[in-house]
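Q: Sharing a structure here in structure tokens format.
The values are calculated or read from the model by the stated rules, or taken from the named source; none is laboratory data. Everything numeric in this text was worked out from a predicted model, so none of it was measured. Because the Cβ atoms are built from the backbone with ideal geometry, glycine has one as well, and the counts that use them run over all protein chains shown.
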Amino acid sequence: MLTALVVDADATTRGQVADLLRLGGWHVQQAAGPEDAVRLSLVTDVDLVVTDLVLPGGSGAQLLRRIRRNGSRARFVVVTADPTDEDRAEAAAAGALVTVAAPVGARALLDLLRARTTGPGAQAGDAGADDDLVDVELMTRLQGIYADALPSRLSAIDRHTRSGDATAVAFAAHTLAGTSGQLGHPEVASICREIAADARRGVLAHSRVVRLQELAGV
């Protein structure tokens, strides 16, 4: 299994990218900033680094240079809101495979997965005329993984709700909301966000959990 390192100061954003990569079959490590990322890259054989361009105490481009100097052969992906030509140039100069706009969606994930077989310096959309076919195959795979994982995720939300573990409910519902929204299940994502918001306030809404199970058809 290939390993990805996701670097972002925002835990929610970092978790969403990590969860999408896991759905795509990656083992994922996470870091909140450059120092943790460098440390993890030294002790883990990382195949892909996905980093925000703006990090506490440095930039994503500087981080990529540090990781590369330490001998890493990982492919690099930079994420930033509304990337400019200057951002793309800075990232490319640091060895980034591609620069994608935040928030990272399922379509961008397909490009990251395709990066397994393309070389450094490629840009999203460079894969050629077979891109649409590849996208369909990968999206089908992601949807299949999502469907297989859905019963256990729903079961976890229900179990933690029944046991009164609000923290676990909030985490499980938030995670499912992220992947559901990214993979085209907005109603499931919406009610999961409502369940998570209630749980953070200490409210365990059993009726919402029942509604979630009905919507998911499980």
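Q: Residues of the stretch 64-78 being surrounded by fewer than 20 Cβ atoms within 10 Å (Cβ to Cβ) and modelled with pLDDT of 85 or more, which ones?
A: ARG65, ARG66, ARG68, ARG69, ASN70, GLY71, listed by residue number.
Q: Can I ask one more? Does GLY15 qualify as being touching a residue at least 12 places away in the same chain (Cβ under 8 Å), assigned to a loop (DSSP other than H, G, I, E, B) and surrounded by fewer than 21 Cβ atoms within 10 Å (Cβ to Cβ)?
A: Criteria not met by GLY15.
Q: Having 1 or more residues that are at pLDDT below 85 is the bar; report the helices (runs of 4 or more DSSP H) wholly within the stretch 135-218 that clear it.
A: 166-182, 206-216
Q: Does ALA149 qualify as being surrounded by fewer than 19 Cβ atoms within 10 Å (Cβ to Cβ), assigned by TED's automatic domain parsing to the domain that holds GLY202 and under 23 Å from ARG14 (Cα atoms)?
A: Numbers: surrounded by fewer than 19 Cβ atoms within 10 Å (Cβ to Cβ): yes; assigned by TED's automatic domain parsing to the domain that holds GLY202: yes; under 23 Å from ARG14 (Cα atoms): yes.
Yes: the conditions hold for ALA149.
Q: For VAL104, all conditions in the list (1) part of a helix (DSSP H, G or I); (2) surrounded by 15 or more Cβ atoms within 10 Å (Cβ to Cβ) hold save one; what is the number of the exception?
A: (1)
Q: Taking the condition assigned to a helix (DSSP H, G or I), among the basic types (Lys, Arg) and closer than 28 Å to LEU176 by Cα, does ARG88 pass?
A: no
Q: Scan the stretch 28-55 residue by residue and report those that are modelled with pLDDT under 90, in a strand (DSSP E or B) and under 24 Å from ALA149 (Cβ atoms).
A: LEU48
Q: Give ALA205, ALA189, ALA199 a once-over and let me know the one that is within 14 Å of ALA156 (Cβ to Cβ), of a type outside the set (S, T, N, Q) and either surrounded by fewer than 19 Cβ atoms within 10 Å (Cβ to Cβ) or assigned by TED's automatic domain parsing to the domain that holds LEU154 (or both).
A: One residue alone meets the criteria, ALA199.
Q: Take ALA177 and decide whether it is crowded, with 21+ Cβ neighbours inside 10 Å, among the small types (Gly, Ala, Ser) and in contact with a Cys (Cβ under 8 Å, 6 or more places away or on another chain).
A: yes
Q: Give ALA81, ALA4 a once-over and let me know the one that is surrounded by fewer than 23 Cβ atoms within 10 Å (Cβ to Cβ) and within 16 Å of the chain's Cα centre (by Cα).
A: ALA81
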